[in-house]
Structures are given as C-alpha cells and as structure tokens.
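What follows is a single structure, written as structure tokens, with notes after it.
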Amino acid sequence: MNRMLDHIDKVFAPAPSPRSDVEIYQMWEIFKAVNARVKAGGKVVSLLAGEPTLPPPQAAIAAAQAALSGGKPLGYTEALGIPALRDGIAQLYRRRHGLDIPAKRVAVTVGTSAGLMLAFLAAFSAGDTVAVVEPSYPAYRGTLKAIDLVPYRLATDASTGYRVTAAMIEALPAHVKGVVIASPANPTGTMLSAAELRAIYDLCQRRGLWLIVDELYHGVTYDQPAETVLSAGPEAIVINGFSKYWGMTGWRLGWLVLPERLVPRIEALHGSLQISAPTLSQLAGIAALDSDAELVPRVAGYKRNRDALLAMLPRCGITRFAPPDGAFYLYADIGDFSDDSVAFCKRMLDETGVVAAPGVDFDTAEGRHYIRFSFCMDAAIIDEAIARLEPWFRSLNFRA
C-alpha cells in the first residue's frame, strides 16, 4: 500500500508555478557567511545593507506610541490610505518641488515593494516586455518575472555615470511596453537632471511607453536636490516611501503618485491584495513628514561617509567608479582583482571582517566585476572599514 501511495505522490504532485522561479539574491549567501562568522565569535563591519542604522524620527515614534496607548483599535484604513497622509504627501511635493499634485493621485502602499507590484499590475499585461536599467535594484526584475512580465536589460556603465538617456530608450525594440528607472539609483547613486527626466518623459509619451520612476532616495542627495519626473507631466508613475530618507524600513510604508486614470485600478488592486497599508505606520508617517530638521543632519553624515570612501578607493587601486549624487551606496569596479564578486565579497569578509554586496544582484551581465558599499551607518563604522580595507587591497595582486 505504501509503495502505491509513493507512486501516486510522484505522479500527481503538483509542480511549482514558473512565476516563482525568481533569482535568489546572492547577497543572502553573503548573509550566511556573516552569520557564520558572528556565531563563531568573529567581528563583522557591515557595509552590506541599504538600511539606515539611526532610529526613525522622534515625531514618528511619538505618534505610534500615542496611537498604541490611546485604547482605540487600529483597524483597516481606506485602500488608498488615510486622507491626512495622502494630503501630507501631496504637500511634500509642493514644498520640495513647487508642484500642485492632487492628493487623490496619491496611493499609500505596503512599502515600495507593494508599490512596484501594484504599478506593474496596473500598467502591463501578462507577457509584456519592460525595460529595466542595469545596474539597478534587483527586485525590479524579480517582481516583473513573478507576475509574468519579461525584463529587458537596458545597460549603462561608469563611462556615462550609469545614466540612462532618452537616446537609449529611443533605441529600444518596438515590443517593449514600458521603462523602469530610478533617480537617485540603487546601487550607483546616479541622479538625473530635470532636463534628462523631461527628455525621457517626452520620449515615452511619444512612443506610448509607460514610465515608472523610483524616487525612493529623494532627500538623500549631496550636491543638489533631486528632481522629480512629475515636473515633466502627470503621466509617469512615481514610487516613493519612508524607508530611506526617514529611516523607517520595517514600518512598510510607501506611496505611488499616479496618472489619474490609474487611481481606481490601484484602489481595487490594493484592496484585493493588501487591503491597506499598516494603520500604525500611516499614523507615524503623517508625523514623520515634518521631520526635516532632524533628518537633514543625517544626510550630512552620509555625505561625510561618502567622501571618506571616495578618498579611499584610489588608495586601494580602485579607479573605475562614478561618485554617487544621492542614495547611500558606492558601486565600485573590482575587475582588476576578481571576476567573481560573490567569491570576492566572501574572501574580503574572511580576511578583513568587512562585508559588502556583490554586484551580480544588480547587473545580470557585468555585476561579477563590481561590489556595492553601503554607507548609511555611523561614521565610526566607515572609518573602521577603511582602516581594515586599505592594507588588504594594497596586498592584492591577483584575480580571485
């Protein structure tokens, strides 16, 4: 009887969906090595994660504490978010960019990850091809694949500061239905000017392409403020959230700014898939929006860290990189030392205790030659990393 059941299990066991066949970030392999080192009692100096180490704004913490102690149930909100938060986000665009964005075009989401999925579901049909700038945040590709969309690699490199141009988009094949870009970008820190964004926006309008712009790192810029594609017109889809500038990664609070015709589609999708963003996080987000006085000095600290790493790289023999305009990453070409960024990161961890992210997660073709340093942490951590890395890099004369 058992043999018969075993046979039935082998014949009729359902197969996983091809949609779930999404690449696992190689960064998780590095995390395993980090955990093993820590478990063995070793020290780790981490420049790995894009997660600010300072606490959320004090106003956000106070608002959350007040909500929890108030004795009222924290039930569902409207699918598109608490009206006061949507209005506050609209006011943020008035304050930062002088734009009158109606609050009705703002949708509050369960982090920017849910925002990505909702935007892709609303804009594209199954099987559509969507251009994704590389190097870029790997979840763009993973999310597209998980909902039966096809990523198309739009390559950039250090020679142009990893900037995507309207000419690159003009050269895309006719079957491409949309473009995903970021400014400032992860992992490169590249930021597009108002003129560059307008040229890309206008081209996408002429070609009938959806333009989705990740502006999550707005506020984290160094020599000039970030421009928003919304200045070019209302037809782009903008993704943003509270995780980076506000340092609220685990609160899972993001937003979309949408063309008006997509608002009811997103409302229906969000209501079906997530119901609403966490109520506690939304209440904290309302308070956090007015925290610039607390957060601007943090960005100055990131700039200090950036400048220290930029000064270190040439001393280490790394000369191919583009200084980041924003975000808190430095994407460096280590091709003179290795053509396997995963193995290189593991060796660097083993021999120095410093950990960074392998480039293969961000660029499917050239990432094996790159690593990403994150610098959104205390200056003492950056200084210790530099003290450990400089002599180690100077000792290398091989391709691992």
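Placing +1 on the Cβ of every Lys and Arg and -1 on the Cβ of every Asp and Glu, with no other charges, gives the stretch 72-193 a dipole of roughly 360 debye about its Cα centre.
Taking a straight line from the alpha carbon of LYS32, these aspartates and glutamates sit under 20 Å away, with near neighbours fewer than eight places off in the same chain left out: GLU23, GLU51, ASP340, ASP350, GLU351, ASP361. Accessible area per residue for the stretch 8-167 is 51 Å², calculated with a 1.4 Å probe on protein heavy atoms, without ligands, DNA or RNA.
Which shape class, rounded, prolate or oblate, goes with the stretch 311-376 when its Cα gyration tensor gives a ≥ b ≥ c as root eigenvalues, a/c under 1.5 marks rounded, and past that a/b bigger than b/c marks prolate? Cα axes put the stretch 311-376 in the rounded bin.
If I take all pairs of Cα atoms in the chain, what percentage of them are more than 29 Å from each other? Roughly 47 percent, once rounded to a whole number. The alpha carbons of the stretch 256-344 give a radius of gyration and a Dmax of 20.8, 54 Å, in that order. Packing-based ranking of 31-43, 234-246 yields 234-246, 31-43, ordered from highest to lowest mean Cβ neighbour count within 10 Å.
Quick one: if the Förster radius is 22 Å, what FRET efficiency do ASP290 and LEU310 give, using the C-beta to C-beta distance and rounding to 0.05? All intermediate terms of the calculation are to be shown ahead of the outcome.
Details: r = 32 Å, r/R0 = 1.47.
Computed FRET efficiency for ASP290 and LEU310: 0.10.
Label the stretch 354-399 by shape, choosing from rounded, prolate and oblate, from the square roots a ≥ b ≥ c of the eigenvalues of the Cα gyration tensor; if a/c is under 1.5 it is rounded, and otherwise prolate applies when a/b is larger than b/c, oblate when it is not. Verdict is oblate for the stretch 354-399.
Measuring r between the beta carbons of ALA195 and SER159 and using R0 = 22 Å, the FRET efficiency lands at 0.65.
Averaged over residues, the count of other Cβ atoms within 10 Å places the peptides 157-164, 349-356 in the sequence 349-356, 157-164, highest first. Since only VAL342, ALA287, GLN274 are under comparison, the one whose Cα sits farthest along the positive direction of the charge dipole of the stretch 256-400, derived from C-beta charges on Lys, Arg, Asp and Glu, is VAL342.
Mind putting a number on the dipole of the stretch 312-398 about its Cα centre? Charges go on the C-beta only, +1 for Lys and Arg and -1 for Asp and Glu, and I need it in Debye to the nearest 20. Can you show the working numbers first?
On the way: 8 positive and 14 negative charges, 32 e Å.
Computed charge dipole of the stretch 312-398: roughly 160 debye.
The aspartates and glutamates whose alpha-carbon is closer than 12 Å to the alpha-carbon of LYS303, local same-chain residues fewer than 8 away aside, are ASP223, ASP325, ASP378.
For the chain, carbon and sulfur atoms together expose 56% of the accessible surface, with a 1.4 angstrom probe and every protein chain in place.
How much net charge surrounds ALA332 when only other residues with a Cβ under 9 Å from its Cβ are counted (Lys, Arg +1; Asp, Glu -1)? Provide the component values of the computation, followed by the final result.
Working: positive: ARG320, ARG372; negative: ASP333.
Charge balance near ALA332 sits at +1.
Hey, which of these cross-link pairs are over 22 Å Cα-Cα: LYS39/LYS346; LYS145/LYS177; LYS177/LYS244?
Values: LYS39/LYS346 16 Å; LYS145/LYS177 15 Å; LYS177/LYS244 29 Å.
Check vs 22 Å cut-off fails for LYS177/LYS244.
Among MET27, MET248, the order of accessible area from largest down is MET27, MET248, computed with a 1.4 Å probe on protein heavy atoms.
Taking every protein chain into account, the 1.4 Å probe leaves TYR152 with about 80 Å² of accessible area, to the nearest ten.
So for the stretch 88-129, considering every pair of alpha-carbon atoms, how many percent are separated by more than 13 Å? Working shown, then result.
On the way: 545 of 861 pairs.
Percentage above 13 Å: 63.
Run the numbers for LEU280 and ASP339: contour at 0.36 nm per residue of separation, minus the present Cα-Cα distance, in nm. Stretched fully, the LEU280-ASP339 segment lengthens by 16.7 nm. Once the Cβ-Cβ distance of ASP378 and ALA174 is raised to the sixth power relative to R0 = 60 Å, the FRET efficiency obtained is 0.75.
The relative contact order of the chain, computed from alpha carbon pairs under 8 Å that lie at least 6 residues apart in sequence, is 23 percent.
Shape class for the stretch 21-149, computed from the alpha carbon gyration tensor (a ≥ b ≥ c): oblate, with a/c not under 1.5 and a/b at or below b/c.
If you take the Cα centroid of the stretch 11-52 and the Cα centroid of the stretch 321-356, the two points sit 17 Å apart. Taken about its Cα centre, the chain carries a charge dipole of about 420 debye when Lys and Arg each add +1 at the Cβ and Asp and Glu each add -1 at the Cβ. Considering only beta bridges that DSSP places wholly inside the chain, some 45 percent are antiparallel.
The values are calculated or read from the model by the stated rules, or taken from the named source; none is laboratory data. Since the structure is predicted, the reported quantities are computational estimates derived from the model, not experimental observations. With ideal geometry, Cβ positions are generated from the backbone for all residues, glycine too; neighbour counts draw on all protein chains shown. The area values use the complete protein model at the heavy-atom level, side chains included, leaving out ligands, DNA and RNA. Shrake-Rupley method; radii C 1.70, N 1.55, O 1.52, S 1.80 Å.
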